[in-house]
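The values are calculated or read from the model by the stated rules, or taken from the named source; none is laboratory data. Treat the numbers as computed from the prediction; the structure is a model and nothing was measured. All Cβ positions, even for glycine, are placed from backbone atoms using ideal geometry, and neighbour counts span all protein chains on display.
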Amino acid sequence: MSIPYLSGFTVKPLTISGLGVVRFTDGTNEVTPNQLQCEAYGYTYNKAEGTCSVFRFNTNLNRSFDNSNNSTKGSQNVTETGTNNTIIMGENNTVKGFSRNNIIIGSNNEIANGVNNANVFGTFGEATADNSIVLGGNAGSDYLGKRQSIQLIYGVKTTDGTKVDSYLNGITGSYFVVPENTAIMFEADILAVRVGGTGSGAVGDFKTWIETGVVINKSGTLSVDSSTISHSSSGTTGGWDAVSTVSGTNYIMSVEGVADTTIEWVSNIRFTQLKTGVTL
């Protein structure tokens, strides 16, 4: 935009942001105008924010436009900006925004910002992972995520004998984050199937495990205690292994194949969570 200097002023408008905020220039540098400078050019000055605007950005209007394809039934439900294709049936539920394809049935539940394809049922359930199924079993006096079950899928492909992480939803670098001061009992059903490679055995060889245990976050430090049994197998599966581990605040399913063998791994993991509300 090219606007001439007004008489008596050494700054003039330079740019207007998508939110309507006007930035000025002194001819060399970009500057923030004061109230006198802003209003002299016909704009509106916000004293509380110290900004100069062409218009006031209306978050409620933006929310209305962004959320036009959601369906809510019940009172005090909130779908924040960027929520799409979401269904809510109940009361006092919140979808934090920039998410899609979620379902909530119940009361006082919440789906975290940016979470997609989650299903939350019950009371005070909290979904923090894509493609998760959450059942909140809490009283009206409890808090978000206190007692709940969570179902997740981890997966990865291996081609050698290196122990590697499998990932939440098979997305590299994605893990379930265990909340602070929270204990989680888990049961993992793990299936590995050979799909290629030149090593001993054949395509279609498989092995399964069932692992149970507890992962606990004590003031930001995770530990895990578990036991695993090999449930069934067919073909050449020696050296194949799977075990739950932790890193930082992430729950990890670690798997190990063998050389020259391509294996697909999937883990169906069920968490029973107790967010204690005290320092562990």
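Only one of Ser99, Ser132 is under 18 Å from the mean Cα position of the chain (by Cα), modelled with pLDDT under 95 and within 23 Å of Val178 (Cβ to Cβ). Can you tell me which?
Ser99
Return yes when Glu180 is under 22 Å from the mean Cα position of the chain (by Cα) and not in a strand (DSSP E or B) and no when it is not.
Considered against the rule, which asks whether it is under 22 Å from the mean Cα position of the chain (by Cα) and not in a strand (DSSP E or B), Glu180 comes out as yes.
So which residues in segment 1-37 are among the small types (Gly, Ala, Ser) and under 37 Å from the mean Cα position of the chain (by Cα)?
Within segment 1-37, Ser17, Gly18, Gly20 qualify.
Taking into account only those residues within segment 70-113 that are in contact with a Leu (Cβ under 9 Å, 6 or more places away or on another chain) and part of a loop (DSSP other than H, G, I, E, B), which is farthest from Gly136 (Cα to Cα)?
It comes out as Asn108.
Going by the conditions given, is Val178 out of contact with any Gly (no Cβ under 9 Å at 6 or more places or on another chain) and either at negative phi or modelled with pLDDT of 95 or more (or both)?
It is true that Val178 is out of contact with any Gly (no Cβ under 9 Å at 6 or more places or on another chain) and either at negative phi or modelled with pLDDT of 95 or more (or both).
Of the conditions (1) farther than 17 Å from Glu264 by Cβ; (2) touching a residue at least 60 places away in the same chain (Cβ under 8 Å), Ile190 satisfies every one except a single condition; which number is it?
(1)
Taking segment 215-225 as the region of interest, how many residues are surrounded by fewer than 16 Cβ atoms within 10 Å (Cβ to Cβ) and either closer than 15 Å to Met253 by Cβ or of a type in the set (D, E, K, R) (or both)?
2
Taking segment 69-95, which residues are among the charged types (D, E, K, R) and either within 13 Å of Ile105 (Cα to Cα) or out of contact with any Lys or Arg (no Cβ under 6 Å at 6 or more places or on another chain) (or both)?
Passing the criteria: Lys73, Glu91.
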